[in-house]
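Since the structure comes first, as structure tokens, the remarks are kept for the end.
No lab work stands behind these numbers, since they all come straight from the coordinates. Everything numeric here is computed off the predicted structure, so don't read it as measured data. In this analysis, Cβ positions are derived from the backbone assuming ideal geometry, glycine residues included, and neighbour counts consider all displayed protein chains.
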Amino acid sequence: MRLGPERPQGLGPRVHMDDFAAAREMTQHLAGLGHRRIGFIVGEPRYGASQARRAGYLDAMKQLNLPVTDSWVRQGDFTFQSGLEQAKALLSLPDRPTAIFASNDDMALGCLTAAAEAGLMVPGEISIAGFDDSPSARFSRPQLTTVRQPVVEMASLATRLLISGEIKGSSSQDEPLDALLPFELIHRASTAPPPAP
């Protein structure tokens, strides 16, 4: 049993959500608010979720004909500290983004701290979005716009399948179970239209 965005051709059943589509939708949300310069902080490169979320961001930017420069895509590692450091790098650019989308909430919280240290108002001067809808996203100031992963539902389904033995009965000729659960965009106070030029 696999939880998460590992490749579908892996061995055994999989319970997951569409990280690619979720990142694409969040990027589209930011663009829909009027942002054209959207920075992105990638998660730990060893994880499939990091690559899927990066690809979703890039796909949305391409579909919307928005520019992406190498300096706007920063490598993080899913920690608060990496979010803080990469946001500082983004905010120091002469053509800094008006929105930053971080691949998880911990890095987004680092972005909030970097913005505060730079004297920037969120979301008045910079919008920040995360991914996961962790408890910290609801308690931050401002509260984070984020992607809610169905983590509890994924774990519950995986557990039920394991206990019921449903995954043992498939023959080698059958396709392994591949359960895709829905994500949800959570709109909170950390995103808004960009400031007027």
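Once the mean of 1/r is taken over each pair of separate Cα atoms and inverted, the stretch 42-85 shows a Kirkwood hydrodynamic radius of 11.2 Å. Spin-label model, residue 121/residue 180: points 7 Å from Cα along the beta carbon direction are separated by 4.2 nm.
3J(HN,Hα) along the stretch 66-80: 9, x, 10, 9, 4, 6, 8, 10, 10, 8, x, 9, 6, 9, 3 Hz, from the Karplus curve 6.51 cos²θ - 1.76 cosθ + 1.60 with θ = phi - 60°, whole Hz, x for Gly and Pro. Residues whose amide H comes within less than 5 Å of that of residue 145, counting only those at least five positions distant or on another chain, are 130, 188, 189, 190, 191 (H built at 1.01 Å from N in the peptide plane). Taking the average, over residues, of other Cβ atoms within 10 Å as the packing measure, peptides 68-78, 106-116 rank 106-116, 68-78 from highest down. A protection proxy built from the mean count of other Cβ atoms within 10 Å ranks the segments 120-130, 56-66, most packed first, as 120-130, 56-66.
Amide H to amide H, with H built 1.01 Å from N, residue 40 comes under 5 Å of 73, 74, 101, counting only residues 5 or more places away or on other chains.
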